[in-house]
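What follows is a set of notes on a single structure, which appears directly below.
Throughout, read-outs are computed from the coordinates displayed, never taken from laboratory work. Fair warning: this is a prediction, and the values are worked out from it, not measured in the lab. As a convention, Cβ positions derive from the backbone with ideal geometry for all residues, glycine included, and neighbour counts pool all protein chains shown.
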Amino acid sequence: MPGHQAGCFGALFRRKQVSVLDRSHETPLQKSHTAPVGSSADAVGSSTQRGLKCHYLTPCDHSYTDVSNWWLETDAKPPAYSSGSDLNFQSVIDNKLDELSPQLRKLSLEIHDHPELGFHETIAHDLLTSFMASHGFTVTQSYLGLTTAFRAEFTYGNGGRVLGVNSEYDALKGLGHACGHNLIAVAGCGVALAVKAALEAHDIPGRVVLLGTPAEEGGGGKVILLEQGGYEDMDLCVMCHPAPGATNSANIGTSIASRAIEVEYAGRSAHAGAAPWEGTNALDAAFLAYSGVSVLRQQMRPDHRVHGIIAGNDDWAANVIPDYAKMHWIVRAPSSSELHVFVERVKRCLEAAALATSCEIKMNLKAPYYDLNQNQVLGEEFSDVVKTRYGMSTNGTASSASTDFGNVSYALPALHPGYAIPTGRNSGNHTIGFTKAAASQQAHDATMVVTKGLAHTAFRALRDDEFFKQVKISFKS
């Protein structure tokens, strides 16, 4: 995308993005709200499961490769408060979140101790909806036909703007909450409840909508909700995400775009010793595809990524020509426009393998995850608040993460800071070590600081007309 500055130079440039994407090349989203084929309703399993060190099968990966360059200070300042504004609401927000912190900690651990795969987060759904209802929000369960999505809404007065907040709560197979979505879940609740308290205390009309968004780990729950109109009434939307990093630090840089591809090869079985010429080897097609993509890597840009695995039938045998093979791929690029071009190159490798082996091919391209279009004005306000009130440093370095919130950020003004939680060595996102870290008191404390910063930022957007005008200008520029 024009203006994108990748890698550790990202903090030195202001990234300008067009907030309207060309979607002509995309496959329309199938509006089916059942769990994807191949997903499991079973619980993920113990977070202490042995032998499972790392999981990189989904677009979400919030690990940062160079922490030493991540935590760079930014000097940008938010707009001054408009006439008549005061800062009394900040104490209301802080006090409310201090009051709620023990409840949010308990809720986070309950979700952490009951990990569930995407589209099957029934325990988390019920815990979160019950919690929000008990605090005065009107709750819609199984929102827009997604069984484990929800909408929790609070309105104060007449008119005013509408704040959207997102919670995530799906886990990873075999790893539990190795991406810290238990923390994201309670951060969303905290922002919503703190802004509610500020609206009431200062008699400011407005509405707060907390969306529970399932299946971020490859299922694209937010993409489905966005396509179904779940964000249409919002003026802005915020959320956050944990990652390894320096203590008391946050990141408001962009993410990268990604797209998952499933490809199936169908051949014909035969006896591998007696009559191999009668067979058509689907596994050969998969290996050729893998080799083709590996050769493509020589001509890939340094900031592009593609990774995949091969799956097959349980009844594969060495003396039988395999008649079926399946591959799962994830393609990544810094921007959605670059991703489209790169996906086409990968597709040609997959198609060529079918042609070379005379296999039939079936390809399923999942909905793309866009890069994050972070709102500059919201980001500067958040950075100023967390630095001046809590001593938290921030920067705008681009990360290698992908998230379905990227799609939301192109539909309306949005902010999605990453923030650091303490982790052990080699314990980045999608590892057992991160699962353990996501349950720690230190991780909860860091989450509460970021929750306060987001609540302050969001409430200013509801309260301060001139500030929100600048937010909209930044989004449209």
**Fill in**
Calc'd 3J(HN,Hα), the stretch 257-267, phi into Karplus 6.51 cos²θ - 1.76 cosθ + 1.60 (θ = phi - 60°), Hz, glycine/Pro = x, comes to 7, 8, 8, 8, 10, 10, 10, 10, 10, 10, x
**Complete:** For the stretch 405-477, inverting the pair-averaged 1/r of distinct alpha-carbon atoms gives a Kirkwood value in Å of 14.6 Å
**Message:** Which of rounded, prolate or oblate describes the stretch 354-475 when judged by the alpha-carbon gyration tensor and an a/c cut-off of 1.5?
**Reply:** oblate
**Order of SER269, SER258, SER167 under a 10 Å beta carbon neighbour criterion, fewest first** = SER269, SER167, SER258
**Message:** When only alpha-carbon atoms are used, what values of Rg and Dmax, in angstrom, describe the stretch 257-365?
**Reply:** 15.0, 51
**Item:** ³J(HN,Hα) computed for each position of the stretch 307-312 - Karplus, 6.51 cos²θ - 1.76 cosθ + 1.60, integer Hz, glycine/proline x
**Value:** 8, x, 9, 10, 10, x
**Prompt:** Taking the alpha-carbon centroid of each part, what is the distance from the stretch 217-292 to the stretch 158-213 in angstrom?
**Reply:** 27 Å
**Fill in**
The answer for HIS430, listing residues at least 5 apart or on another chain whose modeled amide H is closer than 5 Å to its amide H, is CYS179
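For the ranges 241-249, 92-100, 315-323, what's the packing order if you count other beta-carbon atoms within 10 Å of each residue, average per peptide, and put the highest first? Let's see the in-between values first.
On the way: 241-249: 20.7, 92-100: 17.8, 315-323: 14.0.
The peptides rank, most packed first, as 241-249, 92-100, 315-323.
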